[in-house]
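Trainee: My questions all concern the structure below.
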Amino acid sequence: MLASRAFSLIGKRAISTSICVRAHGHAGVVKAEDFSLPAYVDRRDVPLPEVAFVRDLSAQQKALKEKEKASWTALSVDEKVELYRIKFNESYAEMNRGSNEWKTVLGGVLFFLGVTGLILIWQKHYMYGPIPHTFSDEWLSAQTKRMLDMRINPVEGISSQWDFEKNEWKK
């Protein structure tokens, strides 16, 4: 019962907020955009968007669209460019233009690598104790000698690589 009531309230809230949204700081109501209609996108892999870039034409643009229906030789270069800008926001050359975004990405990566390095240095200095005595060369050589004296793993292990008669490693 409680779950159905909660889902009912959530559903009503979702429907009411999708129809109209309160404007921040204003008393009016702002209509939400209808995402079921086609939208304009500038992408190289979609050369012809479904809708024009400019949806609401001004009087000058409407007159230009009427002039477009006649011979294109009567149009000036500026008018052709303006007609292009009504339909498209960017040309292929503008879409392919390089950006400086790689600098931001590289800066972010290097920043986080630096922070990680500082964390590792801090951990080594404040969290970890001194290196155990079992890592010293004397301890490791004594441990290896003890393993050879006990003849540990004589078939394939460390004792199989030791020559007990010459008291040295096999070659």
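Trainee: Within the stretch 141-155, restricting attention to residues that are among the hydrophobic types (A, V, I, L, M, F, W, C) and open to solvent by 80 Å² or more (accessible area, probe 1.4 Å), which residue is nearest to the chain's Cα centre (by Cα)?
Mentor: Pass one, the stretch 141-155, residues among the hydrophobic types (A, V, I, L, M, F, W, C): 142, 147-148, 150, 152, 155.
Next, only the ones that are open to solvent by 80 Å² or more (accessible area, probe 1.4 Å) stay: 150, 155.
Numbers: Met150: 57, Val155: 53 Å.
This residue is Val155.
Trainee: Quick one: would you say Lys65 is touching a residue at least 12 places away in the same chain (Cβ under 8 Å), assigned to a helix (DSSP H, G or I) and open to solvent by 60 Å² or more (accessible area, probe 1.4 Å)? Even if it seems obvious, please write down each step before you answer.
Mentor: Working: touching a residue at least 12 places away in the same chain (Cβ under 8 Å): yes; assigned to a helix (DSSP H, G or I): yes; open to solvent by 60 Å² or more (accessible area, probe 1.4 Å): yes.
Against the criterion (touching a residue at least 12 places away in the same chain (Cβ under 8 Å), assigned to a helix (DSSP H, G or I) and open to solvent by 60 Å² or more (accessible area, probe 1.4 Å)), Lys65 qualifies.
Trainee: Also: Sort out which residues of the stretch 156-171 are within 53 Å of the chain's Cα centre (by Cα) and open to solvent by 60 Å² or more (accessible area, probe 1.4 Å), and write them in order of number.
Mentor: Glu156, Gln161
Trainee: Please pick out the residue among Ala70, Ala27 that is at pLDDT 90 or above and in a loop (DSSP other than H, G, I, E, B).
Mentor: Ala70
Trainee: Kindly check whether there is at least one residue in the stretch 89-109 that is touching a Phe, Trp or Tyr at 6+ places or on another chain (Cβ under 6 Å) and outside any helix (DSSP H, G or I).
Mentor: Looking only at the stretch 89-109, we keep the residues that are touching a Phe, Trp or Tyr at 6+ places or on another chain (Cβ under 6 Å), and these are 89.
In the following step, the residues that additionally are outside any helix (DSSP H, G or I) were identified as 89.
Scanning the stretch 89-109, I find at least one residue that is touching a Phe, Trp or Tyr at 6+ places or on another chain (Cβ under 6 Å) and outside any helix (DSSP H, G or I), so the answer is yes.
Trainee: Please pick out the residue among Leu83, Leu140 that is in contact with a helix residue (DSSP H, G or I) (Cβ under 9 Å, 6 or more places away or on another chain), in a helix (DSSP H, G or I) and closer than 21 Å to Pro47 by Cα.
Mentor: Values: Leu140 fails: closer than 21 Å to Pro47 by Cα.
None of the others qualify; the one that does is Leu83.
Trainee: When residues of the stretch 98-152 are filtered for being within 30 Å of Asn167 (Cβ to Cβ) and hydrophobic (A, V, I, L, M, F, W, C), how many remain? Reasoning before the result, please.
Mentor: Let us first name the residues in the stretch 98-152 that are within 30 Å of Asn167 (Cβ to Cβ), namely 132-152.
Adding the requirement that they be hydrophobic (A, V, I, L, M, F, W, C) leaves 135, 139-140, 142, 147-148, 150, 152.
Residues that pass the stated criteria total 8.
Trainee: From the set of residues in the stretch 110-131 that are outside any helix (DSSP H, G or I) and open to solvent by 70 Å² or more (accessible area, probe 1.4 Å), which is nearest to Leu64 (Cα to Cα)? First the steps, then the outcome.
Mentor: Filtering the stretch 110-131 down to residues outside any helix (DSSP H, G or I) leaves 128-131.
Keeping just the survivors that are open to solvent by 70 Å² or more (accessible area, probe 1.4 Å) gives 128, 130-131.
Values: Tyr128: 75, Pro130: 80, Ile131: 81 Å.
Filtering first and then ranking leaves Tyr128.
The values are calculated or read from the model by the stated rules, or taken from the named source; none is laboratory data. From a predicted model like this one, the values you see are computed outputs, not experimental measurements. In this analysis, Cβ positions are derived from the backbone assuming ideal geometry, glycine residues included, and neighbour counts consider all displayed protein chains. Accessible surface areas use protein heavy atoms only, side chains included; no ligands, DNA or RNA. Shrake-Rupley method; radii C 1.70, N 1.55, O 1.52, S 1.80 Å.
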